[in-house]
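Each reported figure results from applying straightforward, stated rules to the coordinates on display, with no laboratory input. Not measured: the values here are computed from a predicted model. FYI the Cβ positions are ideal-geometry reconstructions off the backbone, even for glycines, and counts take in every protein chain you see.
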Amino acid sequence: MGDFRKKYVCIKKDKEFRFLFNKGESIVSYAFICYVRENKRRVNRIGIVTGKKIGNAVKRNRARRVIREAFRLIEPRLREQSTKRYDFIFVARAKTTELKTDKLYSLMNKLIIGKYGKKNEQK
């Protein structure tokens, strides 16, 4: 049977969120803000923040779901292209709820893989 385990872990502690907000490198786009920092673990970790400015609970849940799915699709490429592992925090914006997963995937692919993939690791 296939391997259905998650390859990444969710960040849940407030202390870790605050650390990444303060010390992490930020990537800003119209769909999300991403804070990234290298970790010393064997897996990539993800945290998602959706504020009340985005809309009601349905819209916030949709934003989380779309970001989580796009990251799930991009994460295997990140793992194979880079030996380093990272902590990611995605802060959803109002536009996130209107986007489809494939559009968000291509945006993450351009911003995250382009910056943290193997090409830039050898610098």
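Things worth noting here:
- Site-free segments of the chain were taken between chymotrypsin sites (Phe, Trp or Tyr not before Pro) in DSSP loops having at most 12 other Cβ atoms within 10 Å, sites themselves excluded; the longest one is 31-123.
- Amide H contacts of Phe88 (H built 1.01 Å from N, in plane; Pro and chain starts excluded): Arg45, Ile46, Gly47 sit under 5 Å, all sequence-distant by 5 or more or on other chains.
- Summing Cβ point charges (Lys, Arg +1; Asp, Glu -1) relative to the Cα centre of the chain gives a dipole of roughly 260 debye.
- In sequence order, calculated HN-Hα J values of the stretch 29-39 (Karplus, 6.51, -1.76, 1.60; Hz; x Gly/Pro): 9, 6, 9, 7, 10, 10, 9, 10, 8, 5, 10
- Cross-link pairs Lys59/Lys103; Lys15/Lys103; Lys15/Lys40; Lys12/Lys52 - those with Cα-Cα distance over 27 Å: Lys15/Lys103
- Beta bridge orientation in the chain: antiparallel %, DSSP, nearest 5: 60 percent
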